[in-house]
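Report on the following structure.
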Amino acid sequence: MKDTRIPLSLSDIANRLGARLEGDGERRISGLATLKDAGPEDITFLANRAYLKDLPGTRAAAVLLRPEDRDACPVTALVLDNPYLGYAELSRMLDPLINAQPSGVHATAVVAEDAVLGQDVSIGAQAVIESGVVLGDGVTIGPGSIVGADSQIGENSLLHANATVYHGVVVGKRAILHSGCVIGGDGFGFAHDGAGWRKIAQLGGVVLGDDVEVGSCSSIDRGALGDTVIGNDVKIDSQVQIAHNVHIGDHSALAGCVGIAGSTQVGRHCMLGGGVGLSGHLTICDGVQVTGMSLVTNSILEPGVYSSGTGAMENSQWRRNAVRFKQLDSIAKRVSRLERISGEKGDSGAS
Amino acid sequence: MKDTRIPLSLSDIANRLGARLEGDGERRISGLATLKDAGPEDITFLANRAYLKDLPGTRAAAVLLRPEDRDACPVTALVLDNPYLGYAELSRMLDPLINAQPSGVHATAVVAEDAVLGQDVSIGAQAVIESGVVLGDGVTIGPGSIVGADSQIGENSLLHANATVYHGVVVGKRAILHSGCVIGGDGFGFAHDGAGWRKIAQLGGVVLGDDVEVGSCSSIDRGALGDTVIGNDVKIDSQVQIAHNVHIGDHSALAGCVGIAGSTQVGRHCMLGGGVGLSGHLTICDGVQVTGMSLVTNSILEPGVYSSGTGAMENSQWRRNAVRFKQLDSIAKRVSRLERISGEKGDSGAS
Amino acid sequence: MKDTRIPLSLSDIANRLGARLEGDGERRISGLATLKDAGPEDITFLANRAYLKDLPGTRAAAVLLRPEDRDACPVTALVLDNPYLGYAELSRMLDPLINAQPSGVHATAVVAEDAVLGQDVSIGAQAVIESGVVLGDGVTIGPGSIVGADSQIGENSLLHANATVYHGVVVGKRAILHSGCVIGGDGFGFAHDGAGWRKIAQLGGVVLGDDVEVGSCSSIDRGALGDTVIGNDVKIDSQVQIAHNVHIGDHSALAGCVGIAGSTQVGRHCMLGGGVGLSGHLTICDGVQVTGMSLVTNSILEPGVYSSGTGAMENSQWRRNAVRFKQLDSIAKRVSRLERISGEKGDSGAS
């Protein structure tokens, strides 16, 4: 992890980002920081114009910014149309993890004799690679991580420390699996025999597409019959639960603490806010956004933004209103009766 | 994990399930699949009559079904009263994990000298069994799993990879603990000394009954004084938190992301939907069901189904309604005043 | 873990707690239990006067209690002003973990050559200490735990089994990190390029102050630029998610299943109930309490208690009310119209 990178020159950065350089291209930077925090060794960026006020006073060596903000920049500018995207690219150029050299198989790792390892595979201390596993070129398995029998990890994927992949799981290329995540645990399936529960063995697997990221301590359960399927470029935050036989479409993003119950299908380009819950056996179409902590109990067949719940308020006010919620049907009926008495028709006709 | 099972004959299956075989009992199947996905090597089942329409076109070798659906079945039928239960039994017959042979103690496992191991115990690579542990006959400890000092794991229990059991925990027979779950971490107990928090050491333990399953990344905290107790045949999904000194009655089931605060007692045969939260020090009687993401802040003393919250709706509609929620007490009072003016009595009398 | 403590005498306990002893100071106790469960070898406490009724019948050897309850105590009394705080101190005196002797570095642990270990450090079996790590005096690293490159763990901190600390994390003194927790995983940051997601490398770190506790399976993500910062004496329960660049002020406590989105700042002495969700980029001032499962989407600038949501009710009643919630804006407008017709002014004037 020792940072042995040579500082990047601003002209190198401009070239790699496709930005127009205005200023001293020979200058080298060693860090990336916010407009406010950046010092003379750092590059920064202006993507959200709410921070435009911080631009004139920046101490940074250079700023990534849009053409229209160029004139307000007191230092070297790297001009491009989407500075936030430029920031993303640059962050990866500076990431010691992404740029780490392969370190081979640690002496304490346990790798099954019949496991197949590609070129430039790294396997950390105390890791376990079980029988029949296939690790693609450039795969990195963190210390203490475990890959179960017959699973496949696609090329250039990275499992951080203490991640767990069960047997029979397929992970695509360039995946990032964070510590404590578990891919392929049993789905929650039981039949009731009148007295108690009988386990339904979960015979399916999990398939993750390419460019999937799974946050720390998240769970993706294996299918009962058939697989749980996560599409390409799906981004999953920490503390998320994805139940058996869920399908998530390409390019969708799930924020922290989301829970999705069994067999629900989420479309492409969906975004689920933190703590959202989806009931089982639903269909969520492409392009749906659900705001934080909403509960979705019915399928959503039109793209758009959906919400439930009520925002926080001062507790004594909340108590009064929450009690009234229990009377809401009664209140509605009383309003209808008053309308009948007054000869007035309600605007919804609901009673 | 290599699948070396001999395909099962349909007459074997019928015998083991107590089903009436109608068709070719010599035929052997190698898999189990849904009515829609099953191919000629597979057996399938019809439990939910919503799928009856898929029966005539099935490509399966055989179908588990009820007597009344027998005539619509184009292939060999295994007739029984509860095909879903039959499916559960059959799934376990086909499960490579359940049917795996004991593999002994891996050379890299660390097993304390005074640990007591029963017959046919398997301990995976990099696992740690601390001092004073007792593992019953047929116990399997997955790679990287850790069993803390003086804990006991009952016979035929299975800890998947990277599960953690603290010291002084008792796990019953036939438990299944999934990867990343943690049994026996400290309950959340602190006393405030006026300036800050003073830790209350959590001196109790955790007792899991027989036939308990705990999903991936779930936490069951140890008691402060006395134990946290999980009854027999309790099924716990992934991402669940059970706080100190909670008691869960036999045969209850907790779906993903449930959280139960300290000292709450949940009865027998309860079912908590995904994301349900129970406050501390409550009593929930036997036979209670709580629907997904409901918050329970008072004890429930009558069996039945309970709910809270509001379902998701289109965001602009939701915004209008959620704002009104903050006015709800005021609206209710205004309705009462209108009723007094009109000489009308409200149907609830609430004001 | 073998309990080799010599039983404590009541006069020793009284001295260490600063309590006034009334009764037999020579008597020795070996355990601590509730008023109801305590037997003749145990000491107990009366902090919540709801349990005063159990005092006369106690079988305990001695009771910690307030001066005003002394006369009702049938056995030896240890009298002090805050018996709950006394219980907390005593619990730690009896905790075998806190009082364990250092055990050195286990033969199977992997410790980088350049890691710096203080005095009396213990490192468990299968643990991994990467390059550049600094472990302070008295640090204990549980079996299977991993400390990433260049991270620092302050003196007398305890990582339980299978905890994970990424690279570049700073943990203060006397921290307790429970099993399955993950400190320093990537924050959830992506830029959209029009077609899909581009990862924003998370270049910041995590800084935990002194006396921080983190529960099992909780996640604290590293900063994108700059650090995620957890203040001194912050207590975090199990299953909590703290996103990148969140700051939590000193002495705050977060109950189980809390989720805090990116860049939100929580003040000092705050208390977040179980399952609370805070949106990103908020400011929560000092002294705020939020009740269980509330959603906070706006900053809170006044100390106090805040809530959202609605409590659980019987499902058929709930269904009727939840449907009406979707009509709430319409109902409010109908009430306003009725008020205009009747010549009555609503008490809020809202329409």
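Among residues of region C:6-31 being away from chain B (no Cβ under 14 Å) and part of a helix (DSSP H, G or I), the one that is farthest from residue C:67 (Cα to Cα) is C:12. When residues in region C:292-335 are screened for being among the β-branched types (Val, Ile, Thr) and in a strand (DSSP E or B), 3 of them pass. Each residue in region C:283-299 was checked for being more than 10 Å from chain B (Cβ to nearest Cβ) and touching a residue at least 24 places away in the same chain (Cβ under 8 Å), and 1 of them qualify. Taken over region A:255-270, the criterion of being over 14 Å from residue A:229 (Cβ atoms) and either within 10 Å of another protein chain (Cβ to nearest Cβ) or over 17 Å from the mean Cα position of the chain (by Cα) (or both) is satisfied by A:255, A:256, A:257, A:258, A:259, A:261, A:269. Residue count for region C:228-243 satisfying the condition of being over 19 Å from residue B:186 (Cα atoms) and out of contact with any His (no Cβ under 9 Å at 6 or more places or on another chain): 2. Would region C:271-281 turn up any residue that is out of contact with any strand residue (DSSP E or B) (no Cβ under 7 Å at 6 or more places or on another chain), in contact (Cβ under 8 Å) with a residue 24 or more places away in the chain and in the same structural domain as residue C:246 (by TED's automatic domain parsing)? Checked region C:271-281: at least one residue is out of contact with any strand residue (DSSP E or B) (no Cβ under 7 Å at 6 or more places or on another chain), in contact (Cβ under 8 Å) with a residue 24 or more places away in the chain and in the same structural domain as residue C:246 (by TED's automatic domain parsing). Number of residues in region A:161-195 that are without any contact (Cβ under 8 Å) to a residue 40 or more places away in the chain, out of contact with any Asp or Glu (no Cβ under 8 Å at 6 or more places or on another chain) and part of a loop (DSSP other than H, G, I, E, B) equals 9.
For region A:220-243, a tally of residues being at the interface with chain C (Cβ under 10 Å from one of its Cβ atoms) and not in a loop (DSSP other than H, G, I, E, B) returns 2. Each residue in region B:161-195 was checked for being more than 28 Å from residue A:179 (Cα to Cα), more than 7 Å from every other protein chain (Cβ to nearest Cβ) and of a type outside the set (D, E, K, R), and 4 pass. When we screen C:139, C:128 for residues that are within 14 Å of chain B (Cβ to nearest Cβ) and surrounded by 20 or more Cβ atoms within 10 Å (Cβ to Cβ), the only hit is C:128.
Restricting attention to region B:244-260, the residues that are over 16 Å from residue B:188 (Cβ atoms), part of a strand (DSSP E or B) and in contact with a Gly (Cβ under 6 Å, 6 or more places away or on another chain) add up to 1. Residues that are under 18 Å from residue B:227 (Cβ atoms) and more than 10 Å from chain C (Cβ to nearest Cβ) within region B:142-156 comprise B:152, B:153, B:154, listed in sequence order.
Just one of the numbered conditions (1) closer than 24 Å to residue A:187 by Cβ; (2) assigned to a loop (DSSP other than H, G, I, E, B); (3) of a type outside the set (Phe, Trp, Tyr) is not true of residue B:289: (2).
In region B:307-322, what count of residues is obtained for those that are in contact (Cβ under 8 Å) with a residue 12 or more places away in the chain and out of contact with any helix residue (DSSP H, G or I) (no Cβ under 6 Å at 6 or more places or on another chain)? Here the count works out to 2.
State yes or no: is residue C:113 more than 12 Å from chain B (Cβ to nearest Cβ), out of contact with any Ser or Thr (no Cβ under 7 Å at 6 or more places or on another chain), surrounded by fewer than 17 Cβ atoms within 10 Å (Cβ to Cβ) and assigned to a helix (DSSP H, G or I)? Against the criterion (more than 12 Å from chain B (Cβ to nearest Cβ), out of contact with any Ser or Thr (no Cβ under 7 Å at 6 or more places or on another chain), surrounded by fewer than 17 Cβ atoms within 10 Å (Cβ to Cβ) and assigned to a helix (DSSP H, G or I)), residue C:113 does not qualify.
For region C:324-351, enumerate the residues that are modelled with pLDDT of 90 or more and β-branched (Val, Ile, Thr). Of everything in region C:324-351, those that are modelled with pLDDT of 90 or more and β-branched (Val, Ile, Thr) turn out to be C:331, C:335. Residue count for region C:196-219 satisfying the condition of being facing another protein chain (nearest Cβ under 8 Å), hydrophobic (A, V, I, L, M, F, W, C) and either touching a residue at least 24 places away in the same chain (Cβ under 8 Å) or closer than 19 Å to residue C:148 by Cβ (or both): 4.
Selection within region C:244-254: residues that are more than 18 Å from residue A:218 (Cα to Cα) and touching a residue at least 40 places away in the same chain (Cβ under 8 Å). The member of this set that is farthest from the other protein chains (Cβ to nearest Cβ) is C:245.
Taking the conditions (1) among the charged types (D, E, K, R); (2) in a loop (DSSP other than H, G, I, E, B); (3) at pLDDT 95 or above in turn, residue A:89 satisfies each one other than (2). Sort out which residues of region C:312-339 are within 7 Å of chain B (Cβ to nearest Cβ), in contact with a Leu (Cβ under 6 Å, 6 or more places away or on another chain) and basic (Lys, Arg), and write them in order of number. Within region C:312-339, none qualify. Within region C:300-311, being buried (at least 19 other Cβ atoms within 10 Å of the Cβ) and more than 7 Å from every other protein chain (Cβ to nearest Cβ) holds for one residue alone: C:300.
The values are calculated or read from the model by the stated rules, or taken from the named source; none is laboratory data. Quantities reported herein were computed from a predicted structural model and do not represent experimental measurements. Heads up, the Cβs are rebuilt from the backbone with ideal geometry, glycines too, and the neighbour counts pull from every protein chain shown.
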